[in-house]
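Everything below concerns the one structure shown next.
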Amino acid sequence: MVKMFHTGKMASDQLDADISNAVLAVDAPEGALLTLGDLAADATYAADGKEYDVYSATAPVAITDDIVLLDLADVSHGEIAGNDYRMGIKLFDRTLTAGSIGRVRRPALHDKFWIGEGNFAATPTIGHYGIPTAGAFTLTDAAAQGDGFAVKILLSREFTAGMTANGNQYLCEVVGL
């Protein structure tokens with residue numbers, strides 16, 4: 001059950017204001033759904049003791065919480081003939097360790113992104129919706145959109161790294177905030 005996140009077409013690719021940083025008290029996988037708290041403490045800024053663009057973050061407590069997506073710093077990559085080639089030690093199932101700072105994206109309506117099957121609480125259904133799982137970093141498959149953050153699950157394809165199939169990835173479109 002691969003855990004991964006890859007942008008498709010997102011406002012945060014163009015708007016730096018839609019990208020922030022987060023620090024967590026527990027380990028979280030790439031593609032995790034998070035809720036931001038207050039600015040994180042940092043002794044570097046002696047005047048107020050806060051880091052200006054790093055927030056504390058947790059898993060969503062309720063399915064209506066404001067959501068950001070954990071997108072760990074990218075490795076070197078390039079596109080050749082429609083294939084995205086990446087160079088690095090680990091390309092998926094990456095984890096932000098507790099206390100480390102990671103990049104988060106604030107989703108916008110109609111953003112599209114790819115997320116791994118391990119980022120869902122259970123195998124999703126194409127045409128259904130993904131809504132936050134209360135108390136977890138995952139999406140839950142739902143037949144209806146509901147209130148708050150929701151994505152429509154548009155399609156699925158195998159996720160491969162090198163020559164090995166590592167499970168499925170799903171193209172999701174943000175349909176509710």
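The values are calculated or read from the model by the stated rules, or taken from the named source; none is laboratory data. These numbers were taken from a predicted model, which means no experiment stands behind them. Here the Cβ is made from the backbone with ideal geometry for all residues, glycine too, and neighbour counts use every protein chain on show.
Scanning the stretch 132-173 for residues that are under 15 Å from Ile63 (Cβ atoms) and of a type in the set (Val, Ile, Thr) yields Thr133, Thr138, Thr140, Val151. Residues that are under 20 Å from Asp111 (Cα atoms), surrounded by 14 or more Cβ atoms within 10 Å (Cβ to Cβ), in contact (Cβ under 8 Å) with a residue 40 or more places away in the chain and β-branched (Val, Ile, Thr): does the stretch 160-175 have at least one? The answer is yes; a qualifying residue exists. Scanning the stretch 1-54 for residues that are of a type outside the set (A, V, I, L, M), surrounded by 12 or more Cβ atoms within 10 Å (Cβ to Cβ) and not in a strand (DSSP E or B) turns up Lys3, Ser12, Asp13, Asp18, Asp27, Glu30, Gly31, Asp42, Tyr45, Gly49. Number of residues in the stretch 126-177 that are more than 25 Å from Leu91 (Cβ to Cβ) and either in a strand (DSSP E or B) or in contact with a Cys (Cβ under 7 Å, 6 or more places away or on another chain) (or both): the value is 10.
A quick yes/no check of all residues on (1) acidic (Asp, Glu); (2) at pLDDT 95 or above; (3) within 20 Å of Leu70 (Cα to Cα); (4) out of contact with any Leu (no Cβ under 7 Å at 6 or more places or on another chain):
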{"site": "Ile89", "(1), (2), (3), (4)": "no, no, yes, yes"}
{"site": "Thr95", "(1), (2), (3), (4)": "no, no, yes, yes"}
{"site": "Ile101", "(1), (2), (3), (4)": "no, no, yes, yes"}
{"site": "Ala108", "(1), (2), (3), (4)": "no, yes, yes, yes"}
{"site": "Tyr129", "(1), (2), (3), (4)": "no, yes, yes, yes"}
{"site": "Gly135", "(1), (2), (3), (4)": "no, no, yes, yes"}
{"site": "Ala142", "(1), (2), (3), (4)": "no, yes, no, yes"}
{"site": "Thr160", "(1), (2), (3), (4)": "no, no, no, yes"}
{"site": "Cys172", "(1), (2), (3), (4)": "no, yes, yes, no"}
